[in-house]
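Q: The structure follows.
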Amino acid sequence: MSDFDLIDDPQPGQNAPEFTVSELSGAIKRTLEGEFGRVRVRGEIGRVMRAKSGHLYFDLKDARAVINCTTWKGQVSGLGVMPEEGLEVVAEGKLSAYAPASRYNINVDRIAVAGVGALMAMLEKRKAALTAEGLFEASRKQPLPFLPEVIGVVTSPSGAVIRDILHRLRDRCPRKVLIWPVAVQGQNCAPEVANAIRGFNALGPGGPLPRPDLLIVARGGGSLEDLWGFNEEIVVRAAAESDIPLISAVGHETDTTLIDYAADWRAPTPTAAAERAVPVRLDLLAALDSLGSRMLTGLTGGVRARAQRVRDLSRALPRSEDLLSTPRQRLDHATARLPAALRSATQTKRGALTQAAAVLRPRLLAGRIEAERKDLRAASARLDAALPRAVAAQAERLRTRVARLRGEILTQGRARDQQRLEALSARLSRAGTAQVRTWRRTLDGLDRVRATVGYEATLKRGYAVVRDQDSIITTAASAATHPSLEVQFADGRVTVIPNASPEGARPRKGRSKSAQDDQGSLF
């Protein structure tokens, strides 16, 4: 027996290295990532799940196999196309392995729809879903304003579309235009267009930028992929929720996107959108001239007809000479009789005065005075005798009443009167307190009404009062004739000089100077 017989022959595979489970999983992960790296895979999207953390998990499958796909929260916004179940796509990302579960997956950071057919299928599916929600109902659409003051345009500021719109508006009827620059294709198209529509709707009246009366979303023609941003759900919902009437002018006449169904009016081209937004100024002027001529003709004809009517009616009235002839004759007769009547009346009065003077002789008057004097002396004598008797009788009656007045009766009467006085005083106090409370509530209510309807409350909403000393100036022509004006705001008064530089404004002592609002830029 040799020494080698003491050693057993090695079994097959006995000399292979041993790995732990973690080491083997890590080796497989490194092999996969090193061998494949970044890959592009075409397939149909299966199950889609969005976690509460914001991460996105979905399956990519074909007829024979399924691959798990993961998109982290920070990568979702750059996908380009949101995964939907049943959509055929080309996914691009990095192949990796999940060691704890011994699974491999693709970390997808970009998705593109695989072919026009898949895009059309996705478009029809999205259109059906939005139609079922009622976003395309005709009852939701608003009428377009006849002559908007401000028009908001959502488009690319560097393309030919905005030049065509501005040129057409300038030719037909110049209006103020606010441009919101957006990307009209690519990944940023849909969120920027939706933000622009909502941004215009968020503008309030009286702000630094005027709120548009009409919106135009415009883009030139292109392929289905180029126009796909206007088929995104966020754009359609923003257009349907817009409180401002919206015109969709995306693509050429044969191009149709989902925003066309949600808009209040679809224009076949951006130029047609500008033509629909405003009427022709020359046509308006011609219509105004025609209406003015018709109004002048109608007024002239109406005045002429009424004048003829007055002349016709005047023929039925009697002449002024006929109406005044009878009163004139009566006046002549009365004038002729007046001197004789005056002489007769004077003679009559003179005769009556003579008769009265004959009766008034001095002896008769003296006898009458003496008779009256005798009557007066007799009455005085009777009065001297009757006065003591009357005084004595009154004194006797007074003594009798004094005898009946006892102290206890007076005390009882005084106590009763005191109780009645206290009760009346308490009632008067309660009534007075209640009346004062009522008057105070009424006065407080009137003061609140005065504060509500007074002009000081109006000043807090942005208005001002212009005065020249004690008088109020209401017109610009009147303001130009005064050397200085005083403008009252809600928080103070400012003295200004018309037609002077801004340094001419002098704030009054103790008053705060009003701040000027910044004006927004108009394009």
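Q: Evaluate the following for residue 238: is it open to solvent by less than 40 Å² (accessible area, probe 1.4 Å), part of a helix (DSSP H, G or I) and either under 25 Å from residue 112 (Cβ atoms) or modelled with pLDDT under 90 (or both)?
A: Yes.
Q: If the requirement is being over 22 Å from residue 191 (Cβ atoms) and assigned to a loop (DSSP other than H, G, I, E, B), which of these qualifies: 80, 86?
A: 86
Q: Quick check: is even one residue across region 295-313 within 37 Å of the chain's Cα centre (by Cα) and without any contact (Cβ under 8 Å) to a residue 60 or more places away in the chain?
A: yes
Q: Can you spot a residue in region 97-110 that is among the charged types (D, E, K, R) and loosely packed, with under 12 Cβ neighbours inside 10 Å?
A: Yes, because at least one residue in region 97-110 is among the charged types (D, E, K, R) and loosely packed, with under 12 Cβ neighbours inside 10 Å.
Q: Among the listed residues 458, 495, 452, 438, which satisfies the condition of being at pLDDT 80 or above, open to solvent by 40 Å² or more (accessible area, probe 1.4 Å) and farther than 30 Å from residue 179 by Cα?
A: Selected residue: 438, the only one of 458, 495, 452, 438 that is at pLDDT 80 or above, open to solvent by 40 Å² or more (accessible area, probe 1.4 Å) and farther than 30 Å from residue 179 by Cα.
Q: Count, please, the residues in region 466-492 that happen to be in a strand (DSSP E or B) and either modelled with pLDDT under 85 or more than 24 Å from the chain's Cα centre (by Cα) (or both).
A: Within region 466-492, residues that are in a strand (DSSP E or B) and either modelled with pLDDT under 85 or more than 24 Å from the chain's Cα centre (by Cα) (or both) number 10.
Q: Can you tell which of 249, 263 is within 27 Å of the chain's Cα centre (by Cα) and either surrounded by 21 or more Cβ atoms within 10 Å (Cβ to Cβ) or under 18 Å from residue 187 (Cβ atoms) (or both)?
A: Answer to the selection: 263.
Q: A follow-up question, please. Out of 281, 315, I need the residue that is open to solvent by 100 Å² or more (accessible area, probe 1.4 Å) and farther than 30 Å from residue 149 by Cα. Which one?
A: Exactly one residue qualifies, and that residue is 315.
Q: Here is a list: 266, 276, 319, 281. Which entry is among the basic types (Lys, Arg) and either touching a Gly at 6+ places or on another chain (Cβ under 8 Å) or more than 30 Å from residue 217 (Cα to Cα) (or both)?
A: 319
Q: Residue check: is residue 219 among the basic types (Lys, Arg), open to solvent by less than 40 Å² (accessible area, probe 1.4 Å) and closer than 22 Å to residue 161 by Cα?
A: yes
Q: Also: Report, ordered by the first and then the second residue, all pairs with beta carbons closer than 6 Å, sequence separation of six or more or different chains, a first member in region 72-96 that is modelled with pLDDT of 85 or more, and a second member that is open to solvent by 30 Å² or more (accessible area, probe 1.4 Å) and of a type in the set (S, T, N, Q).
A: Here the result reads 93/107; 94/107, each pair linking region 72-96 to a residue that is open to solvent by 30 Å² or more (accessible area, probe 1.4 Å) and of a type in the set (S, T, N, Q).
Q: Here's something else I'd like to know. Select, from 268, 245, the only residue that is over 19 Å from residue 134 (Cα atoms) and in contact with an Asp or Glu (Cβ under 7 Å, 6 or more places away or on another chain).
A: Every option except 268 fails the conditions.
Q: Which members of region 162-218 meet the condition of being assigned to a helix (DSSP H, G or I), within 27 Å of residue 78 (Cα to Cα), touching a strand residue (DSSP E or B) at 6+ places or on another chain (Cβ under 8 Å) and hydrophobic (A, V, I, L, M, F, W, C)?
A: Hits for region 162-218 are 193, 196, 197, 200.
Q: Among residues belonging to region 155-170 that are open to solvent by 80 Å² or more (accessible area, probe 1.4 Å) and at pLDDT 90 or above, point out the one that is nearest to residue 281 (Cα to Cα).
A: 170
Listed here are the residues, each with its yes/no results for (1) more than 34 Å from the chain's Cα centre (by Cα); (2) under 16 Å from residue 233 (Cα atoms).
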| site | (1), (2) |
| --- | --- |
| 83 | yes, yes |
| 94 | yes, no |
| 97 | yes, no |
| 104 | yes, no |
| 134 | no, yes |
| 156 | no, no |
| 160 | yes, no |
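The values are calculated or read from the model by the stated rules, or taken from the named source; none is laboratory data. Predicted model, so just to flag it, every value in this text is computed and none were measured. Every residue, glycine among them, receives a Cβ derived from its backbone with ideal geometry; neighbour counts consider all protein chains shown. For accessibility, only protein heavy atoms count, side chains too; no ligands or nucleic acids. Shrake-Rupley method; radii C 1.70, N 1.55, O 1.52, S 1.80 Å.
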